[in-house]
Amino acid sequence: MSIVFEQETKTFWLDGKGMTYTFFINPFGYAEHLYFGKTIPHESLMHTRAYGGLSKGIHPNPAIEGQRIWSYNYMKSELSFYGTGDYREPAVLVENAAGDRLSDLLYVGHEILSAKPSISGMPSMDGGETLVLHLKDSHTDFGADLYYTVYDDCDVIARRVVYHNGAKTPATLRRAYSFSLSLPGNDYEVTSLWGSWAHERFMQKTHVHHGVVSIDSKNTSSSATLNPFIAVSDMGTTETNGQVWGVNLVYSSSYVLKAQGDSGGHTLLMGGINDFDFYWTLDGGESFETPEVVIAYSAEGFGGMSRAFHDAYRNHLINPRYVKSPRPLLLNNWEGTSFNFDLEKLKAIVDAVEGTGIDTFVLDDGWFGTSRDDSHASLGDWHIVNERKLPGGLKPLVDYVHSKGMKMGLWFEPECLNEDSEVFRAHPDYIIGVPGRIHGIGRDSFMMDLTRKEVRDYIVDTVNKVIRDNKLDYVKWDFNRNVTESFSLGRDPKDQSRFAHLYALGLYDLCERIIEANPQVFFEGCSAGGGRFDPAMLHYFSQIWTSDNSDAEARTMIQYGTSMCYPLSSMSCHVSASPNHQTYRVSTMKTRADIAHLGATGYELDSTVFTDEDREEVRAQIIEYKECDESLVLEGDLYRIENPFEGNFFGFELVAKDKKKATLTMYRRINICNDYAKRIRLQGLDPDLRYYIPELDLTCSGALLMTVGIVVKIRGADFLTLKYHIDAIEE
């Protein structure tokens, strides 16, 4: 990677693994974008600057002789702002002390840093060489520092902005996005990931048009409704061909991402913290740091974009303690018992998996409080163990699990509490809500006000004590509702529009203080399933429960959509009961395991009902996962072979980085007469190596497998899978 500044042309060249990003400082002092795509030589790109659809253009003042066609409204801006004749969506809107909302941010200098600085109070990618571009308003002391980091091991660029008020009088940010990016032309599609509980990250596409395509969350959460991701692609782009620019925001609260086609023939991307119900006043000398955005580029379709994100997050975002280490292979009791368990039942569940290879037992909701028999009571009372279910507290169960050579995990929901709880009775002020108004209730709980340090202190002290006193090895951190009243008793009534961002900062502080205090514990994220599956959470939780819907058929689509930007190793995927608890669908243990093995796998069912045949099948599945799947899930490249949103089949191919090992998992939804055979062309192999596929007793070159392919034949009932092992051989 390299960052170069050409003084003569005032051009910045940022070169990453296989991409180039370049812009220059134009004659008016604005940072104007030139190119973002495949690696190119450092030659002049001035001939590519073109303006179309001019309409009442407002020219910079003073206009340079002979350049009156120039208008900021038609420039490909590196940071869009309001007040110089630009009528597109601004990335920043600041109210100055005089009451105007105008900006004129000009280049005043830059730095090239050898190491990427961290963001205060927020997670971000690590990294090396970083450009900091300094912009300052031409009339006030308001400024913006634009950060750019490129990488030599993945085709992404990390961007963010720090806004400064250098004046002595206050300035108020009414919009403070993390980036702008201008692309040439309007002939693009936008792909986003929509959903709901048990239906997360389904794909949808729309055309860029003359106007704004926008996705957002107002939930004080990244949300299951719309994931903080969009991809802008050439029309007709496929998994393997076409240009894609993917945008993923490293943030867990209310956000917005936009794509605007303008009349000048460009498409402007931007986004960051949602400006709905947002303002942030900066006193003199204060700054505001925006969350980071990761932008991936691919000339090899959506597959290339996804692999760029996967490498970036595994190499630079996810906790290095766990990112490439074997994950706990667990049994969670929730779908086996729900709230209805006691010590003897839990011991029997543990006993029933002895010898299968399951190495961790996770006790889910219901272990705490005095009356936690459903979701109505005791949430937040982590200091009390439900001794009706667990006589003597947690220690007898923990000791029993450890005596079996297994690790012990526990469920928490640190951000919520019930009205019927000791904590609420002692501190009703701890919840989010406006005094005198009816408080919204979700899953029978209120939200804790994480914007207040005393609330965070209580949670940290209580949860850390449970972890420490019980020598826990694993924590499942759940979050089952969203904010409905953005109001904190701890803040000035005139200062409540900071709430959504302050909640995010409070959440990150909570994660830092609990996770870093317990480095021996593996933490899994959850939010009523996959309701807060975002890069910021991945920084803290090396894997996230992908969805409460564990049905294999539904999971083919959920896991397909999630893989657009998140690596397989980040997805918790469990083999659950049949009929499935969410869809009531019946499927074989093999089908459920083959789909669950395309992630960080585990089991979630009542193991006491296993037959000897079931137990042996589980043991064989775990051996298969450990020997064949685990390393590919943790470190391999994903090639999406068949799209379940578009047909009757689903297919994921996982390929080792050295291309000497691969697996292909194929799934067929419905048995259609005379339609059981499917030709599949493999991807990502070495064309010069020869491979053996034992399931077909076939030996041939990688070139043949990728060009001619194989024929997959899935005969039998609905919802069946076939799995193929592809291993390089020496001849």
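The values are calculated or read from the model by the stated rules, or taken from the named source; none is laboratory data. All values reported here derive from a predicted model rather than from experimental measurement. With ideal geometry, Cβ positions are generated from the backbone for all residues, glycine too; neighbour counts draw on all protein chains shown.
The set of residues from the stretch 260-276 being modelled with pLDDT of 95 or more and either buried (at least 20 other Cβ atoms within 10 Å of the Cβ) or acidic (Asp, Glu) (or both) comprises 260, 267, 268, 269, 270, 271, 272, 273, 274, 275. Close Cβ contacts (under 7 Å, 6 or more residues apart or on different chains) running from residues in the stretch 501-515 that are assigned to a helix (DSSP H, G or I) to residues that are at pLDDT below 95 comprise 503/483. Within the stretch 714-731, the set of residues being modelled with pLDDT of 95 or more and of a type in the set (Lys, Arg) comprises 723 only. Whether a residue is outside the structural domain of residue 379 (by TED's automatic domain parsing) and at pLDDT 95 or above was assessed, and residue 499 passes this test. Is it the case, given these coordinates, that residue 349 is in a loop (DSSP other than H, G, I, E, B) and within 30 Å of residue 578 (Cβ to Cβ)? The answer is no for residue 349.
Can you pull out every residue in the stretch 648-685 that is assigned to a strand (DSSP E or B), surrounded by 18 or more Cβ atoms within 10 Å (Cβ to Cβ) and more than 27 Å from the chain's Cα centre (by Cα)? 661, 668, 678, 680, listed by residue number. Applying the set (1) surrounded by fewer than 21 Cβ atoms within 10 Å (Cβ to Cβ); (2) touching a residue at least 24 places away in the same chain (Cβ under 8 Å); (3) in a helix (DSSP H, G or I) to residue 496 leaves exactly one unmet item: (2). In the stretch 715-731, the residue that is nearest to residue 594 (Cα to Cα) out of those that are surrounded by 14 or more Cβ atoms within 10 Å (Cβ to Cβ) and in contact with a Phe, Trp or Tyr (Cβ under 6 Å, 6 or more places away or on another chain) is 721. The one condition from (1) in contact (Cβ under 8 Å) with a residue 24 or more places away in the chain; (2) among the small types (Gly, Ala, Ser); (3) surrounded by fewer than 23 Cβ atoms within 10 Å (Cβ to Cβ) that residue 124 does not meet is (3). Sub-8 Å Cβ pairs linking a first residue in the stretch 374-391 that is in the same structural domain as residue 346 (by TED's automatic domain parsing) to a second residue that is among the hydrophobic types (A, V, I, L, M, F, W, C) and in a loop (DSSP other than H, G, I, E, B), at least 6 apart or interchain, are 374/339; 378/384; 385/367; 385/394; 386/367; 389/341; 389/367; 390/367, ordered by first then second residue.
Matching residues to (1) over 19 Å from residue 621 (Cα atoms); (2) at pLDDT 95 or above; (3) touching a helix residue (DSSP H, G or I) at 6+ places or on another chain (Cβ under 6 Å):
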{"site": "328", "(1), (2), (3)": "no, yes, no"}
{"site": "331", "(1), (2), (3)": "no, yes, no"}
{"site": "337", "(1), (2), (3)": "yes, yes, no"}
{"site": "352", "(1), (2), (3)": "no, yes, yes"}
{"site": "356", "(1), (2), (3)": "no, yes, yes"}
{"site": "360", "(1), (2), (3)": "no, yes, no"}
{"site": "370", "(1), (2), (3)": "yes, no, no"}
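Restricting the search to strands (runs of 3 or more DSSP E) fully inside the stretch 1-110 and requiring at least 2 residues that are out of contact with any helix residue (DSSP H, G or I) (no Cβ under 6 Å at 6 or more places or on another chain), buried (at least 18 other Cβ atoms within 10 Å of the Cβ) and at pLDDT 90 or above gives 11-15, 19-25, 31-38, 92-95.
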